[in-house]
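What follows is one structure encoded as structure tokens, with my remarks underneath.
The values are calculated or read from the model by the stated rules, or taken from the named source; none is laboratory data. Just so it is clear, the structure is predicted and the values come from calculations on it, not from any experiment. Every residue, glycine as well, gets a Cβ built from its backbone with ideal geometry; the counts of neighbours run over all protein chains shown.
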Amino acid sequence: HLGSPRKDKPFVVVDCAALKGEALEREIFGSETASTAGAPAIRRGRLEQAEGGTLFLDDLSALPLEIQVKLLRVLQDRKFERVGGSSAIEADVRFVMATASDLSAMVAEGSFREDLFYRVGVVQIEMPPLRERREDIPLLVANFVAKFTADNDMKQQKSFSTQALNYLTGYDWPGNIRQLENVVESCMVLVPGAVIEEENLPPEIRDEESQFKSAVDLLPVQLDLADTLQKIEAALIRRALVRAELVQVKAAELLNISKSLLQYKLKKYGITGH
């Protein structure tokens, strides 16, 4: 959004899983209700609030079929009506949508419209899970800290220690970004000091055995021996780096390999070792 011609216009977010039925429909499209004074009482929905800008529909798969029909019309005709209204309203909005579900499977089972599926699937960007882009974790943590601080008008500036960040970076995050954000917010609330240390993190993040098990559990059912061994080796290297506080010499000693071999494997697996 910020890199587009619409950057000076609103960026509006709708969590499609947060509301149900007509409440979600009103949230997106707004509503009109009769008034004793004659003129209808109007509530502008997120679609109108995003006029000229971007509307981000998160968890698109949660949209019920009746709202999918209305969304399809907006995408095709750039027009919509508020709930309870009859006048068509022009919509100059760019849509960005996200889902963790397999929409093609939902189409096959009848819970997602096929025509909408093809309409929204023109440009698709697959976002890898957090465990495959660990270098993003420190940036995401800093963003969540800043957002929580601003949203709650906090006077105290908090941060995560280097060792705490190492543990966060080494964890596999089965719940992806939402799980990371929840952990950050929990630490911001529960830790009284300005620096959040590794001992303030949830036990499952600090437990090396559970981290190793999670890496193994995420392996595919149809195992390829060479690929599987590489995944396990990469998980062990990350754990060694965390224990060694990112000091490569110490990590190599823990792994009983030379520093040069460790550096080769860091490059091979795309692991940040500094």
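Side notes on the structure shown:
- Which listed residue is surrounded by fewer than 18 Cβ atoms within 10 Å (Cβ to Cβ) and outside the structural domain of Asn176 (by TED's automatic domain parsing), from Gly45, Gly85: Gly85
- Residue match in the stretch 245-265 (condition: of a type in the set (D, E, K, R), modelled with pLDDT under 85 and surrounded by fewer than 17 Cβ atoms within 10 Å (Cβ to Cβ)): yes
- Checking the stretch 55-63 against the condition returns no match, with no residue being surrounded by 17 or more Cβ atoms within 10 Å (Cβ to Cβ), part of a loop (DSSP other than H, G, I, E, B) and more than 23 Å from the chain's Cα centre (by Cα).
- Residue in the stretch 179-202 that is over 22 Å from Ala244 (Cβ atoms), at pLDDT below 90 and of a type in the set (A, V, I, L, M, F, W, C) present: no
- Residue in the stretch 78-99 that is farther than 12 Å from Leu47 by Cα, assigned to a helix (DSSP H, G or I) and of a type in the set (S, T, N, Q) present: no
- Looking across the stretch 243-274, the residues that are part of a loop (DSSP other than H, G, I, E, B), free of Cβ contacts under 8 Å to residues at least 40 places away in the same chain and under 31 Å from the mean Cα position of the chain (by Cα) come down to Ala244, Val247, Gly270, Gly273, His274.
- Lone qualifier among Ala164, Ala150, Ala146, Ala142 - being free of Cβ contacts under 8 Å to residues at least 40 places away in the same chain, touching a helix residue (DSSP H, G or I) at 6+ places or on another chain (Cβ under 6 Å) and either over 23 Å from Asp59 (Cα atoms) or surrounded by 14 or more Cβ atoms within 10 Å (Cβ to Cβ) (or both): Ala164
- Restricting Glu185, Glu199 to residues that are of a type in the set (Asp, Glu), surrounded by 15 or more Cβ atoms within 10 Å (Cβ to Cβ) and in contact with a helix residue (DSSP H, G or I) (Cβ under 9 Å, 6 or more places away or on another chain) narrows the list to Glu185.
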